[in-house]
Amino acid sequence: MTLPFLIFLTLTALVLGGALAAMMLRDLIHSALALAVSLLGLAAVYLTLQAQFAGFAQVLVYVGAVAIVIVFAILLTRGSDPAGQPVFARGWPWGAAAAVAVFGVLAAGILRSPLAGTEPPAGVEAHAAEVGKHLMAEAVLPLEVTGLILTVALIGAAVIALREKVES
Amino acid sequence: MLKHWLVALAPAGVQPLFSAVISIAGVIAVFATLFALTTVAERKGLGRIQNRYGPNRVGPFGLLQPAADGLKSLTKEDLTPAAADRWVFFLAPLVLVVPAFLALSVLPMGRNMTMVDLDGGVLFFFAVGAATELSVFMAGWSSRNKYSLLGAMRAIAQMISYEVPLILSAVTAVMMAGSLSTDEIVAAQAGYTCGVPNWFVTTPWGLAGFLLFLVCAMAESNRSPFDLPEGESEIIAGYYIEYSGFKFALFFLGEYIGMFAVSGMAITLFLGGWNAPAACLDAVPSFVWFFAKLGCLIAFFIWVRGTLPRLRMDQLMNLAWKFMLPMALLNLLVAGLWRFAQPGPARWLACGAVLAGGYLTLARGLLEAGGVRGRRVYRFAE
Amino acid sequence: MAAPDHLVASSASALAGLWLIPVFPLVAAAMAALLPRRRGKTSAGLAIAAMALSLALSVAAFCGVVGRSGTGEVVRQTLNFHWCQVGDHWLDLGFVLDPLTAVMLVMVCFVALLVFVYSTAYMAHDDNAGRFFCFLSLFAAAMLGVLIANSLLLFFVCWELVGLTSYLLIGFWYHKPSAAAAAKKAFITTRVGDMAFFIGIVWLFSRAGTLLFYADGHGCLEPGVLLPSTAIGLLIFGGAAGKSGQLPLHVWLPDAMEGPTPVSALIHAATMVAAGVFLIARVYPLMTPHALVVVTWVGVLTALFAASVAVAQTDLKRILAWSTVSQLGFMMLGLGTGGVAVGIFHLLTHAFFKALLFLGAGSVIHGCHEEQDIRRLGGLRRWMPVTFATYGAGMLALCGFPVITAGFWSKDEILHAAHGWEVSHWPFFLGLAAAFLTAFYMTRQMAYVFFGESRLKTKKGGEHGHHGAGSSQPHESPKAMLVPLGLLASLAVFAGFAGTPAWPWISSFLEGRPTLFHLAPLFEGQALRLMGLSAAVALGGISIGWWVYGRGRKLGSGQRDPMDSARPDVYLLLSRQYYVDEIYEWSVVAFHAWWSRLCNRLDIWLWELVVQAVAWGVVGLAWVNRVFDEYVVNGGFDQGCAALREGGGWLGLWQNGQVQRYLRLLAFGMAALTLWLLWGCGAS
Amino acid sequence: MTPALSPQLTMPPLQCYLLLAAFLFSIGLAGVLVRRNAILVLIGVELMLNAANLNFIAFWRFGPHPEAMTGVLFVLFAIAVAAAEAAVGLALIIALHRHYQTVRLDRADTLRG
């Protein structure tokens, strides 16, 4: 029971707890916040994996942007459905069963996989400079494309959300 | 130095932990005091600006006023609205304060006086800064109050809008230093050329970036003239309207710490961090310079708060999206130009010209968008 | 009589321009068709410009041919190309340029150009002038195509196009029922001839395997390719008769005068109706002696018949139409007895003076407010002297006034040839009679129209917007109409000298012989006697006509025609055109009507019965079928459908728009897939 | 924030991370499959994406060639794309809300067969 393992367990608890809460809670705002918590935990897990850059980006994007946007959406669509309705959709046990099945299969696969118990190479660290070099070297095309996608998504989201107003 | 001596006292096994604890304690102590001083300084400064005395009763020159306030807020009844969402209501101030302190942890306050030297330091800074918005929202939403919710909405809109130019203007410095680590950025600004320190602010792009960063910093820390979220005259106190007592104090603290943090980041990025303004002054301990610069910025903040009126919402958004963002992008471009053009007056002229042109066009467009053309009319009371 | 041998100089230089000749008017027609309706002037300009270009090109071609001629053999350039493949061999089209084509080209282009110019004035006040010039250009294109065609197929195509445009132009004023009827009549009547023509073409193709006229020794006109057969010749002559209004297909031509006068001048006097003659001249090698006998007889009979009918007509243009028919008969006579040169020579001269006459008549009609009845005209020489002079020239030419007119020489050639015909002498005498009658009725017409005093009614003044209301005075026509008249008049006088016995340029040109001038044949007894005879006949006709109608005698609607008073029965017969129309009415048309009625009866009583029986049978079967359907098939089918619908309903439950259900299925599928990957693949 | 953690301290083995990712993924999947609120479905999708990211990072860290940074780069791109996806998805949800006055997925079944 080394220190890293303890840290890992606590973070796992944070992540999974947050995720479960996000999925189970009745109040949408709560689930959004729980999501933020879970993602924060995940970012921490990245840090334990020496992927600092990814972790910080995770926090910046998810906690700083996505969570906020989700909250906005929740507030904007509030009051559309009367309260006191069942949280779960019809036939939700099937869904749960499906999820469980998937988890079972994945877990089985992971446990049976030959990769089990591979030792991590030592002294690996994702330095921001390294990441930047790679981003600018072999991953430059994906980078540009991502920028394009983001622009398109920005405009598209604005258009979709605006459409009704434009019509009326 | 002091720190190292203390650390040496500790048993070897727990030295890392001990050093960490010591530095954290030190930082908290220092900035808490700074916070206290700032509050009183601000009140007195505003008083002077508004032609009155300000606090001058408690202690000499009212210097003990903050202590009195703290005591008051501690002893005040801490009440929670019945309809409030207790947990969120309770968590919101913490979520505000903790990241603010975390953000402090990457600031180099002096030579080898960075608590945590991450190589993604700047990124980390902004990442934890993002938590502020969440906390503001939590506060505004959980207290089930129209005004607070309005304030929260305003605050989030404002922060999201201004975070973009903030980060973009910071990126210029990162580009130049070629690193995200705050230490290296400061190191990149060390040294002097013919007496002038090589702080980034001494270059055209650096100056523009610094100004942009400063404006965005004001907006991020909800200070006047960007204090719409807590505009007393409009929505009484904004998102923390329902908070009282110690939680309110925490919010107050959080806001100021946030201000310190962002000012510190401005210093780190553009004002050469803890570097002395002149070679001859290197003997002075480095953290002095850092805090001196911090003091100047704080004074500047107070001055602005006392001087400028509050913006309107549309003006706020116009400024963010129609001026700050394009300006920051242009500044990014200019930084690239600077980086790859060979040194000389030509470089200066070119970059300056580009920035000036962009500034003029954007400013004109902004004025037209805001509809604030024409001479200003002064009215004097008889 | 055709050129024994020919020299095929396929120098595309001369021929490259050749195909352009019809293309210009075609383009003009297309553009005019695309122009807005009101732009009559523009399309007129287009048409005239195109015609002028064609004229220039054809003159160039003509000069080229003249330059090459005189070598003792016919210079003939051809340009053939594949058109489409039929079975295993090609249908070829081609152009030919030989003296015949060249002469005709120049004539057609020249007359057409004059008529176009004339029409600009004549149709100036017609709203549809644009359409008019479009059709006219189209006609010119088709006609030129006929001339330069080197393939019977191309010839036939252009021929039919000519017929179409003739139809369109006769019915140009389609709002007049008579015009529409005349157009239909012309179309259908010529169609009868064209049917024969077409059968002849097909037959020829089956015999010769090619429709090219001349193709380096493989053309159907060239010796040794096929031995001519009388039947084919007669069939082709049927087409020619239809187009040229020979007996018994002449009925359409007089009615065709319903069209605008320029049309009558260009199409129904100068060019199209002459196309029949040209056809015979073109395929002369196919004409066996027996066929030529038929041609001769038909020609001469037509000449006499039409001339006699013309005597008793009272409509200005109808008289000219009948005289056209009779002159065409003369041409046929010339072809039959004298050969290509004789017929074509008369064709050319006739084209000039008949076009002249028609244009003059048009000028008269134009000046007298659309008055066409010669009994209501009169004394016009005072008001329109130019028209009078030119018309007189044309009239003399038509009558064959000795020596100084073209008609005299060409007709003299024909009579000469007829006299020299060894089969029979009758055509000669009949021709003389026709010539006499021609002179007679032309004199009559002149007397009616230009002499005596005016019998114009003053009622027609207001009808024409373009004359001031009430100005009932007949007036001279504008320049645009007079200039063509003058040109044609000069040609009507001088064209004849191209074919005098002393200097038989035309015939020698057509047959490729060098032309030499010596007066000997002119004064050689036989020719001299014949010339004297025809001159006497012409002068006699004129003088008798003058004796009967001239001399200031009272004429007009009030009085009966002198001939009428003399021999009413004959006059009636003639004026009714020998009742040919009526005869056709009683015979052909009546037979058709009877036959159709019979077919109708058969339909109603015989076939109807059969159909009814079949129908009842079918209905009975249908009943059986229906019973079977409803109680046997439908039962099962309905159940099937119901089952399908049920199944569809059940399946539809899957497609219930619930995203999450789809996703669940997806998830299960994914799980299953992964399982298979893990164990299924692992095992194998 | 555990920069003090140095690699020579033995880390938990790969399966732990993979299992965590699988569990996170399943939770997100379950949320997608059982919640009626479209926004929550979107949240579930985000969770699944993050599970995938975790896998990337883990494989990068434990993989034979960490210096290639493949996993990290992939995660960065995934994060960017996920942000875009969230924006568009939420915009869609808002449009849905405008159209049907609901954000319940089982109400938006216009495509019912």
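The values are calculated or read from the model by the stated rules, or taken from the named source; none is laboratory data. From a predicted model like this one, the values you see are computed outputs, not experimental measurements. Glycine also receives a Cβ, built like all others from the backbone with ideal geometry; neighbour counts cover every protein chain displayed.
Quick notes on this structure:
- Region D:36-60, residues that are touching a residue at least 24 places away in the same chain (Cβ under 8 Å), of a type outside the set (A, V, I, L, M) and buried (at least 23 other Cβ atoms within 10 Å of the Cβ): D:37, D:46, D:50, D:53
- Answer residue from region A:39-71, given it is within 11 Å of the chain's Cα centre (by Cα) and more than 7 Å from every other protein chain (Cβ to nearest Cβ) and is surrounded by the most Cβ atoms within 10 Å (Cβ to Cβ) among those: A:62
- Residue C:650 aromatic (Phe, Trp, Tyr), out of contact with any Leu (no Cβ under 6 Å at 6 or more places or on another chain), at pLDDT 80 or above and under 30 Å from residue A:101 (Cα atoms): yes
- Elements of type helices (runs of 4 or more DSSP H) in region C:527-622, at least 2 residues being within 23 Å of residue C:306 (Cβ to Cβ) and not β-branched (Val, Ile, Thr): C:562-566, C:568-575, C:580-584
- Qualifying residue in region A:85-95 (condition: surrounded by 22 or more Cβ atoms within 10 Å (Cβ to Cβ), over 15 Å from the mean Cα position of the chain (by Cα), in a helix (DSSP H, G or I) and away from chain B (no Cβ under 13 Å)): yes
- Scan of region B:221-237 for residues that are surrounded by 24 or more Cβ atoms within 10 Å (Cβ to Cβ), modelled with pLDDT of 75 or more and either of a type outside the set (S, T, N, Q) or out of contact with any helix residue (DSSP H, G or I) (no Cβ under 8 Å at 6 or more places or on another chain) (or both), ordered by number: B:226
Conditions tested, residue by residue: (1) of a type in the set (Phe, Trp, Tyr); (2) closer than 30 Å to residue C:672 by Cα; (3) not in a helix (DSSP H, G or I).
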site: A:4; (1), (2), (3): no, no, no
site: A:8; (1), (2), (3): yes, no, no
site: A:39; (1), (2), (3): no, yes, no
site: A:53; (1), (2), (3): yes, no, no
site: A:57; (1), (2), (3): no, no, no
site: A:60; (1), (2), (3): no, no, no
site: A:64; (1), (2), (3): no, no, no
site: A:69; (1), (2), (3): no, no, no
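- For region B:92-100, the criterion of being modelled with pLDDT of 85 or more and out of contact with any helix residue (DSSP H, G or I) (no Cβ under 6 Å at 6 or more places or on another chain) is met by at least one residue.
- Within region B:170-225, restricting attention to residues that are of a type in the set (Phe, Trp, Tyr) and within 22 Å of residue B:127 (Cα to Cα), the residue that is nearest to the other protein chains (Cβ to nearest Cβ) is B:213.
- Of all residues in region A:25-37 being in a helix (DSSP H, G or I) and free of Cβ contacts under 8 Å to residues at least 12 places away in the same chain, the one that is surrounded by the fewest Cβ atoms within 10 Å (Cβ to Cβ): A:30
Conditions (1) in contact with a helix residue (DSSP H, G or I) (Cβ under 7 Å, 6 or more places away or on another chain); (2) outside the structural domain of residue A:6 (by TED's automatic domain parsing); (3) modelled with pLDDT under 85, marked per residue:
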| site | (1), (2), (3) |
| --- | --- |
| A:50 | yes, no, yes |
| A:54 | yes, no, no |
| A:59 | yes, no, no |
| A:64 | yes, no, yes |
| A:84 | no, yes, yes |
| A:104 | no, yes, no |
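- Qualifying residue in region B:64-78 (condition: closer than 30 Å to residue B:157 by Cβ and either in contact (Cβ under 8 Å) with a residue 12 or more places away in the chain or more than 10 Å from every other protein chain (Cβ to nearest Cβ) (or both)): yes
- Residue list for region C:205-225, restricted to those being among the hydroxyl-bearing types (Ser, Thr, Tyr) and in contact with a strand residue (DSSP E or B) (Cβ under 9 Å, 6 or more places away or on another chain): C:210, C:214
- Residue D:3 meets each of the listed conditions (1) at pLDDT 85 or above; (2) over 21 Å from residue A:33 (Cβ atoms); (3) more than 7 Å from chain A (Cβ to nearest Cβ) apart from (1).
- Test: residue A:107 is surrounded by 22 or more Cβ atoms within 10 Å (Cβ to Cβ) and either under 30 Å from residue B:180 (Cβ atoms) or without any contact (Cβ under 8 Å) to a residue 12 or more places away in the chain (or both): no
- Filtered by the rule that a residue be within 9 Å of chain D (Cβ to nearest Cβ) and not in a loop (DSSP other than H, G, I, E, B), region A:118-138 gives A:130, A:131, A:133, A:134, A:135.
- First in region B:39-50 and in contact (Cβ under 8 Å) with a residue 60 or more places away in the chain and farther than 15 Å from residue B:256 by Cβ, second anywhere and in a helix (DSSP H, G or I) and not hydroxyl-bearing (Ser, Thr, Tyr), Cβ under 6 Å, 6 or more apart: B:49/B:306
- For region D:28-83, a residue qualifies if it is closer than 22 Å to residue A:102 by Cα, of a type in the set (Lys, Arg) and either part of a helix (DSSP H, G or I) or more than 7 Å from every other protein chain (Cβ to nearest Cβ) (or both), but none of them does.
- In region C:159-173, residue surrounded by the fewest Cβ atoms within 10 Å (Cβ to Cβ) [restricted to those that are touching a residue at least 40 places away in the same chain (Cβ under 8 Å) and within 12 Å of the chain's Cα centre (by Cα)]: C:163
- Among the residues listed as B:316, B:253, B:281, B:311, the single one being under 30 Å from residue B:178 (Cβ atoms) and either in contact with a Pro (Cβ under 9 Å, 6 or more places away or on another chain) or not in a loop (DSSP other than H, G, I, E, B) (or both): B:281
- Number of the condition not met by residue A:27 [criteria: (1) at the interface with chain B (Cβ under 9 Å from one of its Cβ atoms); (2) modelled with pLDDT under 85; (3) under 29 Å from residue D:16 (Cβ atoms); (4) more than 15 Å from the chain's Cα centre (by Cα)]: (3)
- Checking each residue in region B:290-311 for being over 12 Å from residue B:224 (Cβ atoms) and touching a Gly at 6+ places or on another chain (Cβ under 8 Å) picks out B:290, B:294, B:299.
- Taking residues in region C:320-342 that are over 21 Å from residue C:233 (Cα atoms), and partners anywhere that are outside any helix (DSSP H, G or I) and not basic (Lys, Arg), the pairs with Cβ atoms closer than 7 Å and at least 6 places apart or on different chains are C:322/C:313; C:325/C:245; C:325/C:250.
- Tally, over region B:319-352, of residues that are of a type outside the set (A, V, I, L, M, F, W, C) and part of a loop (DSSP other than H, G, I, E, B): 3
- Candidates C:548, C:624 - the one that is at pLDDT 85 or above and either β-branched (Val, Ile, Thr) or closer than 30 Å to residue C:185 by Cα (or both): C:624
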